[in-house]
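Trainee: I am attaching a structure below and will ask some questions about it afterwards.
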Amino acid sequence: MITQEQMNHRANVASAATWPFAGISTALFMMRLFARWRLPKQARNFEDFMLTLAWVFAIVQAAIFQKALDSAKELDPNDMPGTVPKAAFWAIMMNNWSFLSIELPKVAVAILITHLFRPALWVRISIWILCVTINVLAVVGFIITWVMCNPVAGQWDPFTYPQAQCWPRSIQITYACVLSGISTFINIAFSVYPAIVVWRLQMPLWKKMSTIGLMGLGLVAFVFSIIKLYYMTFLLDGPGPLDLIYLCAQLGIWNRIENDFVLMVGLLPFVPPFIKSCSQFTKKHLTINSQRHKSSQYSTLASQKQDTRVNDNLELELTAHAQKPGLGDTWSDNSVGKSHRDSMGKGSGFF
């Protein structure tokens, strides 16, 4: 049986391993939003909607997974009836939400493939049949969780509902394994097909390799889904409550990482438009600031020239008066004398 120390260690490792990928996918999604805002002509409404919905589902999955890990840390082997039901509920909820969140980004990837590569009609039909089928099966798998026990809570709280009537857990696990196998096939198909198409195109080698590398993230998701499928088989052995929660935490790690990688495949093509929009945004503001600076300099120079012209006119007038014979002295004397007489006259009137 799993000890509390092992459970705490697994919970800490799971948090450290999954949140960085959630941060990367969120950063890519924000880049896409910025590019969408700056370059609205390049937007495709259905693709925008599906990517946004897939990102929201991924964030919900991350929150549920973290809640499941926190509940697992609170497990007490000496008080299983009081601590197991909460941890089991969130562990089951997390893995069942993964049915929805992992398959949804594949729709966005399908839109990307059909838009970029313009495949033949039968290829487009095949891609959409795969996407629709896997998502319908995912919804069915999510529903199975809530109908397999009567009452429903008997699935995660056998202490309170010991008489609950439930389907054999092997039905749910087998269904999840089949669904995971189909999802694994889609991951590798969505990676191999673009690589074959790109390799046949007449384009520089570095462009070929970068495009193949981008779509090749689906191969990484394929590896994660294989590992997840391997751990699912352990659930068929009918583990006890603590072992079940521990295995669900282990499965949750690969569910989270696979989800983020598939989402990143759909979001990474928006990085070049993001760089382009940032460049345009920066150039626009630099141009505005430059124009303002030039306008300010022009106003300052114009003011200085006007002051210079006024001073030059004044100096010319003074010079002209000074060059007339006797006019400068007469003007000065008359002005001083007039001022003296005015002041004397005003003074005698005052006294």
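The values are calculated or read from the model by the stated rules, or taken from the named source; none is laboratory data. Fair warning: this is a prediction, and the values are worked out from it, not measured in the lab. Here Cβ is always computed from backbone atoms with ideal geometry, including for glycine, and neighbour counts include all displayed protein chains.
Trainee: From the list 213, 240, 252, exactly one residue is under 18 Å from residue 193 (Cβ atoms) and either more than 23 Å from the chain's Cα centre (by Cα) or not hydrophobic (A, V, I, L, M, F, W, C) (or both). Which is it? Quick ask: steps written out before the conclusion?
Mentor: Values: 240 fails: under 18 Å from residue 193 (Cβ atoms); 252 fails: under 18 Å from residue 193 (Cβ atoms).
The match here is 213.
Trainee: Same structure again: Look at the range 107-124 and say how many of its residues are of a type in the set (Lys, Arg) and part of a helix (DSSP H, G or I).
Mentor: Filtering the range 107-124 for residues of a type in the set (Lys, Arg) gives 118, 124.
Filter once more, keeping what is part of a helix (DSSP H, G or I): 124.
Residues meeting the conditions: 1.
Trainee: Among all residue pairs at least 6 apart or on different chains, which show Cβ distances below 7 Å where the first residue, located in the range 96-122, is closer than 19 Å to residue 197 by Cα and the second is among the basic types (Lys, Arg)?
Mentor: Every condition considered, the pairs that remain are 114/124.
Trainee: Return the residues of the range 220-247 that are closer than 21 Å to residue 73 by Cβ, in a helix (DSSP H, G or I) and touching a residue at least 60 places away in the same chain (Cβ under 8 Å); say none if nothing qualifies. So that I can check it myself, show each step before the final result.
Mentor: Applying the first criterion (closer than 21 Å to residue 73 by Cβ) to the range 220-247 yields 231, 239-247.
When the remaining residues are screened for being in a helix (DSSP H, G or I), the result is 231, 241-247.
241, 242, 243, 244, 245, 246 - these are the residues of the range 220-247 that are closer than 21 Å to residue 73 by Cβ, in a helix (DSSP H, G or I) and touching a residue at least 60 places away in the same chain (Cβ under 8 Å).
Trainee: Report yes if residue 198 is β-branched (Val, Ile, Thr), touching a Lys or Arg at 6+ places or on another chain (Cβ under 8 Å) and more than 20 Å from residue 103 (Cβ to Cβ), otherwise no.
Mentor: Working: β-branched (Val, Ile, Thr): yes; touching a Lys or Arg at 6+ places or on another chain (Cβ under 8 Å): yes; more than 20 Å from residue 103 (Cβ to Cβ): yes.
It is true that residue 198 is β-branched (Val, Ile, Thr), touching a Lys or Arg at 6+ places or on another chain (Cβ under 8 Å) and more than 20 Å from residue 103 (Cβ to Cβ).
Trainee: Just to be sure I understand the filter: pairs with C-beta atoms under 7 Å, separated by 6 or more residues or on different chains, first member in the range 262-287 and over 30 Å from residue 190 (Cα atoms), second member assigned to a helix (DSSP H, G or I) and at pLDDT below 75. Which pairs pass?
Mentor: Correct list of pairs: 280/38; 281/38.
Trainee: Can you name every residue in the range 42-100 that is acidic (Asp, Glu), at pLDDT below 90 and either under 27 Å from residue 136 (Cβ atoms) or part of a helix (DSSP H, G or I) (or both)?
Mentor: 47, 48, 79, listed by residue number.
Trainee: Further question: Take the residues of the range 123-139 that are under 29 Å from the mean Cα position of the chain (by Cα) and among the β-branched types (Val, Ile, Thr): which is farthest from residue 169 (Cα to Cα)? Give the derivation first.
Mentor: First pass over the range 123-139, keeping only residues under 29 Å from the mean Cα position of the chain (by Cα): 124, 127-139.
With among the β-branched types (Val, Ile, Thr) added as a condition, the list becomes 127, 129, 132-134, 136, 139.
Details: 127: 32, 129: 29, 132: 26, 133: 23, 134: 21, 136: 21, 139: 18 Å.
Only one residue tops the list, namely 127.
Trainee: What about residue 208, is it of a type in the set (Lys, Arg), part of a helix (DSSP H, G or I) and under 22 Å from residue 135 (Cα atoms)? Talk me through it step by step, then tell me what you get.
Mentor: On the way: of a type in the set (Lys, Arg): yes; part of a helix (DSSP H, G or I): yes; under 22 Å from residue 135 (Cα atoms): no.
Answer is no for this residue.
Trainee: Which one of 175, 193 is buried (at least 17 other Cβ atoms within 10 Å of the Cβ), out of contact with any strand residue (DSSP E or B) (no Cβ under 9 Å at 6 or more places or on another chain) and not in a strand (DSSP E or B)? Working first, answer last.
Mentor: Numbers: 175 fails: buried (at least 17 other Cβ atoms within 10 Å of the Cβ).
That would be 193, the only listed residue that is buried (at least 17 other Cβ atoms within 10 Å of the Cβ), out of contact with any strand residue (DSSP E or B) (no Cβ under 9 Å at 6 or more places or on another chain) and not in a strand (DSSP E or B).
Trainee: Scan the range 43-73 for residues that are free of Cβ contacts under 8 Å to residues at least 60 places away in the same chain, surrounded by 15 or more Cβ atoms within 10 Å (Cβ to Cβ) and over 24 Å from the mean Cα position of the chain (by Cα) and jot them down.
Mentor: 71
Trainee: Further, regarding this structure: May I ask you to verify whether residue 279 is modelled with pLDDT under 70 and part of a helix (DSSP H, G or I)?
Mentor: Numbers: modelled with pLDDT under 70: no; part of a helix (DSSP H, G or I): yes.
For residue 279, the condition - modelled with pLDDT under 70 and part of a helix (DSSP H, G or I) - is not met.
Trainee: Would you confirm whether or not the range 248-261 contains a residue that is in contact (Cβ under 8 Å) with a residue 12 or more places away in the chain, of a type in the set (Asp, Glu) and within 21 Å of residue 107 (Cα to Cα)?
Mentor: Scanning the range 248-261, I find at least one residue that is in contact (Cβ under 8 Å) with a residue 12 or more places away in the chain, of a type in the set (Asp, Glu) and within 21 Å of residue 107 (Cα to Cα), so the answer is yes.
Trainee: Out of all the residues in the range 180-189, is one or more within 21 Å of residue 118 (Cα to Cα) and surrounded by fewer than 20 Cβ atoms within 10 Å (Cβ to Cβ)? Working first, answer last.
Mentor: Step one: filter the range 180-189 for residues within 21 Å of residue 118 (Cα to Cα), giving 186-189.
Adding the requirement that they be surrounded by fewer than 20 Cβ atoms within 10 Å (Cβ to Cβ) leaves 188-189.
The answer is yes; a qualifying residue exists.
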